[in-house]
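Sharing a structure with you now.
Each value in this text was obtained by applying a stated rule to the coordinates, not by laboratory testing. All values derive from a computational prediction rather than experimental measurement. Here the Cβ positions follow ideal geometry from the backbone for every residue, glycine too, while neighbour counts run over all protein chains shown.
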Amino acid sequence: MSKTKIAFQGELGAYSHIAANEIFKDPDIKTCHTFEETFKTAFDNEEYKIIIPIENSLAGRVADIHYLLPKYKLQIYSEHYQRVEHNLLAKNQSNLKDIKSVRSHSQAIDQCQKIINEYKFKTIVSADTAGSAKEISENSDTTVAAIASELSAKIYNLKILKKNIEDEKGNVTRFLVMGKKPIQPNFDKQKKFITSCIFRLKSVPSALYKCLGGFATNQINMTKLESFSVKNTFDQTNFYLDFEGHLEEDRVKNAMEELGFHTENLFILGIYEASDYRKI
């Protein structure tokens, strides 16, 4: 049986890599330098699925993703919530007292301020966490450490000087599994579904209020609504929406009909089962 082809942004050992290993059994991994390259991989080859971080419980939404969703119009197949556990990694011959500076992604550095301040580490901002670990492994400097995952330590043969160094323990990233093939699960009233879409409002007064009215009257719970400007404009806005429900339900059909009446562009990104994490 062939392996599932998975692409993600970042180096091996990234939190997207950990998510891929939890979702799929022994996936065939392709790493990408940018989110744009990741989306293009699935757009050009429908055999690939991609794993994309869309939001974090501490840092909010992930930059650039909302602009790539309408550009490539890939389908969302599922969601996955991944616990983020940062570790301080260094060369095997290094000790904590030797470390003078740490390198990592800017968000990881922001999320580990307590240990940085306690040991008065200098900080070096890098493109990603796993990439920082890779750089440490390729460098002879024993005074520099990386903030990255435990998987990164295994892949790049680094020592874990301290585990779980994040300031807040409730650090969780929501990932989306996406691909080019359109797949829609059949409705099952025993299951909870999430529908995701992107829309652009008509430029008329109270357009947002009017288009969302159908969700209120049909008692549909919206779990996420975010706006982001259309590139190169100041007067046009796209909205990303997640709500509980399936398009085969009458109440959802009614709400979507009203939404479509007040929008210029409406695209369904996907219908998928809600993660069990939402029940926590």
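Can you sort Cys211, Cys32 so the residue with the fewest Cβ neighbours within 10 Å comes first?
By the 10 Å Cβ count, ascending, the order reads Cys32, Cys211.
Continuing with the same structure: For Asn21 and Leu58, what is the calculated FRET efficiency with R₀ set at 30 Å and r taken between the beta-carbons, to the nearest 0.05?
Values: r = 23 Å, r/R0 = 0.75.
FRET efficiency, Asn21 to Leu58: 0.85.
On to the next question. Suppose R0 equals 35 Å. What FRET efficiency, 1/(1 + (r/R0)^6) with r the Cβ-Cβ distance, do Asn265 and Ile124 give to the nearest 0.05?
The formula returns an efficiency of 0.25 here.
Mind putting together the pair-distance distribution for region 193-279? All Cα pairs, 10 Å bins, whole percent per bin, short to long.
Per 10 Å bin, starting at zero, the Cα-Cα P(r) for region 193-279 comes out as 17, 52, 25, 6 percent.
Just tell me which lysines come within less than 20 Å, Cα to Cα, of Lys231; anything on the same chain fewer than 8 places away is out.
Lys40, Lys71, Lys73, Lys202
What trypsin sites (Lys or Arg not before Pro) does region 226-280 have in DSSP loop regions with at most 15 other beta carbons within 10 Å?
Passing both the DSSP loop test and the Cβ count: Lys231.
Apply the Karplus curve 6.51 cos²θ - 1.76 cosθ + 1.60, θ = phi - 60°, to the phi angles in region 69-83 and return the couplings in whole Hz, x for Gly and Pro.
Each residue of region 69-83 in turn: 4, x, 5, 9, 6, 6, 8, 8, 9, 6, 10, 8, 9, 10, 5 Hz.
For region 114-146 and region 37-51, compute the distance between their C-alpha centroids and round to whole Å.
Centre-to-centre (Cα) distance: 31 Å.
Please work out which option in (1) 33, 22, 16; (2) 24, 22, 21; (3) 39, 20, 17 gives semi-axes √(5λ) of the Cα gyration tensor in Å calculated from these coordinates, and answer with its label.
Looking at semi-axes √(5λ) of the Cα gyration tensor in Å for this model, the match is (3).
Let me ask something additional. List every residue whose amide H lies under 5 Å from the amide H of Lys5, counting only residues 5 or more places away in sequence or on a different chain, with H placed 1.01 Å from N in the peptide plane.
Close amide H contacts, sequence-distant or interchain: Asp28, Lys49.
In what sequence do Phe239, Phe267, Phe215 fall when counting other Cβ within 10 Å, fewest first?
Ranking Phe239, Phe267, Phe215 by Cβ neighbours within 10 Å, fewest first, gives Phe267, Phe239, Phe215.
May I ask you to sort Thr41, Thr143 by Cβ crowding, counting other Cβ atoms within 10 Å and putting the fewest first?
Ascending Cβ contact count within 10 Å gives the list Thr143, Thr41.
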